[in-house]
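Peer 1: I have a structure I would like to understand better, so I am pasting it below and will then ask my questions one at a time.
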Amino acid sequence: DVTGVQTCALPISVAVYFEPGGMHRGVVEAPVPATREGRLREDVARVTQEIAHRFEGLIRRAPEQWHVMQPNWPSDLEDA
């Protein structure tokens, strides 16, 4: 596999959203195919891009609920 670990585990994208009434909704998407198709570097880039696209869709569903638990952008460090 392209992860470098031979566990046969596939990466998945997951999100949990706050819902009205103190409830939560979890979304678990289908596994990302991580099979070797060519050169390792290209396969890793392909799988990484697919994971990014999936997170993009999950974030788009409720962008106000997206949290980063550490500084992410240079401006975050300036504010600290």
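Peer 1: Here are several values of percent of Cα pairs over 19 Å apart: (i) 37; (ii) 54; (iii) 45. Which one was derived from the coordinates shown?
Peer 2: Answer by label: (ii).
Peer 1: If the chain between Ala45 and Leu10 were fully stretched, how many nm would it gain, using 0.36 nm times the residue separation less the Cα-Cα distance?
Peer 2: 11.1 nm
Peer 1: Okay, next question. Using only Cα atoms and rounding to the nearest 10 degrees, what angle (0 to 90) does helix 40-61 make with the longest principal axis of the chain?
Peer 2: 20
Peer 1: Can you tell me the accessible area per residue over the chain, all protein chains present, probe 1.4 angstrom, in square angstrom?
Peer 2: Roughly 80 Å² per residue, with all protein chains present.
The values are calculated or read from the model by the stated rules, or taken from the named source; none is laboratory data. Just so you know, these numbers come straight off a predicted model, no measurement behind them. Just so you know, the surface numbers come from the protein's heavy atoms only, side chains and all, with ligands and any DNA or RNA stripped out. Shrake-Rupley method; radii C 1.70, N 1.55, O 1.52, S 1.80 Å.
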